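Chemist: To start, I am sharing the structure in question, which I have written as structure tokens.
Just so it is clear, none of the values below were taken in a lab; they were calculated from the coordinates. For clarity, every value in this text was computed on a predicted model and none was experimentally measured.
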Amino acid sequence: MHYLVVATISPGTYGSYAINLGRILRSLAGLGFIKTFDPPNEPGSERLASLSHEVDREIGAAVFGPAMRALVRFFQLQSGLGDAYGGVVEAKTADLLNGTLRQLNLPLSPESLPDLRLVEHFAVLFHGPSKVFRIRYRLAGETEVLHLSVSPTVLSALLGARNSASYFAYDVNAKTFVATDVLLP
């Protein structure tokens, strides 16, 4: 299942936007929509296969990395956008990707894509005798460390089966934590 692409997605983006973009690019490459060319033109079939393999790794890491950027750039060039956007998914590229998904009748979720970011740092701090708990966390790709006050009930539910930042993602819009194993269906 794919979600509609939301602009802007830049290299280095972590989370659900990167995973969704990677899945879409992998589908487009697999269906031959991103065309291959004979050398010296790019991408050749071996290069496209290599990039597709690297995109699988980037999906696993939930990051918009160099392979995704290269495939987006090839998509932009082959769709007539030229090289001005350099592999960044801005509004025109997002519209073209979404139009292509519809044109190819690829399965699209009727729901909006949640903005889920990976949690890179996670710590529980105890604040005073009132038993107020603070969660200190940093989202992957972000420099700011955020603090969130939670009740003991929420804290115990949050930590019930999880004990490491690598198990969590943060839904930016809903302002809640989710398990990384449910980043995208």
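Chemist: State the Cα centre-to-centre distance between the stretch 62-119 and the stretch 4-21 in whole Å.
Modeler: Result: 8 Å between the Cα centres.
Chemist: Continuing with the same structure: Compute the Cα gyration tensor for the stretch 16-103, then decide on rounded, prolate or oblate, letting a ≥ b ≥ c be the square roots of its eigenvalues: rounded whenever a/c is under 1.5, prolate when a/b is larger than b/c in the other cases, and oblate in all that remain. All intermediate terms of the calculation are to be shown ahead of the outcome.
Modeler: Details: a/c = 1.45, a/b = 1.06, b/c = 1.36.
It comes out rounded by the Cα gyration axes.
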